[in-house]
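Asks: Here it is: the structure, laid out below.
Any read-out appearing in this document is the output of simple, stated calculations on the displayed coordinates, not a laboratory observation. Small disclaimer: the values here were computed from a predicted structure and weren't measured. Note that each Cβ is placed from the backbone with ideal geometry, even for glycine, and that neighbours are counted across all protein chains shown.
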Amino acid sequence: MRVAMIGTGYVGLVSGACFADFGHHVTCVDKDSDKINSLNSGIVPIYEPGLGEVVGTNLRDGRLTFSTDLAESVRMSDAVLIAVGTPSRRGDGHADLSFVYAAAREIATALAGFTVVITKSTVPVGTSDEVERIIREVNPTADFAVVSNPEFLREGAAIRDFKHPDRIVIGTEHSRAKEAMAELYRPLYLNAAPILYTTRRAAELIKYAANALLATKITFINEIADLCEKVGADVQDVARGVGLDNRIGSKFLHPGPGFGGSCFPKDSVALIKTAHDYDVSLRIVEAMVGVNEARKRAMARKVAAALGGSLRGKIIAVLGLTFKPDTDDMREAPSIALITALQDMGARVRAFDPAGMEQAKKILTDVIYTEGPYECAEDAEALVIATEWEQFRALDLTILKQVMARPVVVDLRNVYRYDEMSRHGFAYSSVGLGTYPPGRLEPSPILAPAS
Ligand SMILES: NC(=O)c1ccc[n+]([C@@H]2O[C@H](COP(=O)([O-])OP(=O)(O)OC[C@H]3O[C@@H](n4cnc5c(N)ncnc54)[C@H](O)[C@@H]3O)[C@@H](O)[C@H]2O)c1
């Protein structure tokens with residue numbers, strides 16, 4: 001099959017490269033010529049484990065090409081996927097669909113022969129209807145069908161997720177489009193990946209509902225972690241005990257500094273806005289968004305508490321900046337609100353991230369960026385672990401203690417255990433650990449039953 005992928009970002013590049021790996025001839029199109037030039041010379045502009053190899057192999061074998069010429073790529077294709085960004089619209093939080101609609105207009109002028117136009121971007125209910133209307137308006141004689149096929153891959157595990165999806169959701173009632181989608185995903189059909197055929201509107205809503213539910217799970221365990229700290233229970237035990245229930249499951253029950261990233265924050269707000277447009281209020285989602293927003297800044301108060309209340313003039317080292325490990329994506333990373341709040345409280349921030357510093361420098365300017373974790377920790381009065389990169393899981397605690405001005409660690413991802421840190425002479429605070437073992441910083445009272 002000949003495929004055009006419009007938008008060569010995290011989703012477009014990964015899915016384009018994987019479709020080429022399935023044997024299709026794929027052209028990844030982007031209007032960013034720097035991105036296309038670097039891909040054509042074999043340089044992958046984003047950090048995603050395993051992506052370089054898949055891109056390299058398919059580029060060499062001639063199944064994957066990169067272009068800025070949308071019209072030419074669409075003209076030659078049987079399937080055209082729209083994978084452009086749908087960020088929050090400035091001012092009101094609705095999904096900004098201007099990139100999707102601009103792509104639809106351009107696609108319309110170039111369609112030749114029966115073509116399936118697939119919205120892979122995360123788009124609110126009704127967007128694919130509008131894409132169809134636009135194409136028909138621009139090119140009334142075009143032979144096409146619009147399908148909704150939301151993407152569920154996670155950055156950091158994107159190749160695996162794309163090739164071994166929990167499900168593929170295909171929103172169309174058009175029989176020829178269904179056949180084309182079966183052909184596009186044929187290797188996954190053969191692997192018996194669950195395929196859900198539904199309407200376009202249901203497909204669009206499935207993506208938002210799934211993201212909102214996952215974000216709610218994280219936010220729920222974060223609030224339970226806060227309660228654990230007050231009552232003297234270890235949230236990791238609580239999360240495990242809860243997650244072992246098969247009806248609940250153990251994933252997304254890891255407490256931390258609040259969720260961020262390119263999807264959950266904007267998609268949760270966009271879902272609320274869609275619901276309002278239809279006179280429905282999603283109060284659970286609204287509460288979840290508010291709780292998460294407040295939490296990111298609250299983490300700075302946790303750091304202040306670990307240092308006795310004041311951060312003025314103190315050096316704070318932050319390890320991990322990206323919203324999660326194994327990506328360079330800084331969009332809505334909790335580290336942004338955390339560092340801004342630390343600075344508002346008078347702290348001087350040093351930071352290190354294995355892949356995200358280039359992106360971080362565009363957002364957080366008044367920060368000293370360092371070459372590695374130990375340089376970052378130099379002269380710091382507290383070290384904050386904000387993202388659980390693998391390389392932060394086994395720091396040499398002896399060196400760390402030597403270079404720091406004060407041995408204080410605030411572990412917002414619970415990668416260490418209290419007894420280990422305590423053995424190395426660190427004052428240690430984490431998320432949702434109770435008052436055990438005794439001697440933690442700032443112990444909260446264990447509530448005695450009323451006598
Ligand atoms: N990043 C993720 O983990 C993820 C996961 C699932 C779904 N999604 C959704 O997928 C969509 C894309 O997300 P992303 O993270 O890949 O975005 P991104 O910002 O990384 O990439 C989008 C790309 O589209 C290009 N573009 C915009 N308009 C174009 C046009 N008219 N022609 C050609 N190129 C154009 C941009 O230059 C950019 O390179 C979003 O709707 C997002 O919500 C993202």
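Asks: Could you check the stretch 24-77 and list, in sequence order, the residues that are within 16 Å of the ligand (Cβ to nearest atom), basic (K, R) and assigned to a helix (DSSP H, G or I)?
Replies: The answer is K35, R75.
Asks: Shifting gears a bit: Looking at this structure, is A386 away from the ligand (no atom under 16 Å from the Cβ) and within 21 Å of the chain's Cα centre (by Cα)?
Replies: yes
Asks: I'm told E151 meets every condition in (1) more than 10 Å from the ligand (Cβ to nearest atom); (2) over 19 Å from K31 (Cα atoms) except one. Can you identify the failing condition by its number?
Replies: (1)
Asks: Confirm whether I134 is surrounded by fewer than 20 Cβ atoms within 10 Å (Cβ to Cβ) and either within 29 Å of I272 (Cα to Cα) or in contact (Cβ under 8 Å) with a residue 24 or more places away in the chain (or both).
Replies: Judged against the criteria, I134 is a match.
Asks: Sticking with this structure for a sec: For the stretch 366-432, give me every one of the strands (runs of 3 or more DSSP E) that falls completely inside it and has 2 or more residues that are under 17 Å from P354 (Cα atoms).
Replies: Because the criterion is at least 2 residues that are under 17 Å from P354 (Cα atoms), the strands (runs of 3 or more DSSP E) in the stretch 366-432 that meet it are 382-385.
Asks: Name the one entry in K273, K266 that is among the charged types (D, E, K, R), within 16 Å of the ligand (Cβ to nearest atom), in a helix (DSSP H, G or I) and within 16 Å of the chain's Cα centre (by Cα).
Replies: K266
Asks: Within the set of pairs 6 or more residues apart or between chains, which connect a residue that is touching a residue at least 12 places away in the same chain (Cβ under 8 Å) inside the stretch 265-294 to a residue that is within 16 Å of the ligand (Cβ to nearest atom) and among the charged types (D, E, K, R) with Cβ atoms less than 7 Å apart?
Replies: P265/E332
Asks: May I ask you to say which residue of A108, A112, A102 is near the ligand (Cβ under 9 Å from one of its atoms) and either small (G, A, S) or touching a Phe, Trp or Tyr at 6+ places or on another chain (Cβ under 8 Å) (or both)?
Replies: After ruling out the rest, the residue left standing is A102.
Asks: Can we say G309 is out of contact with any Gly (no Cβ under 7 Å at 6 or more places or on another chain) and either within 16 Å of the ligand (Cβ to nearest atom) or at positive phi (or both)?
Replies: Yes: the conditions hold for G309.
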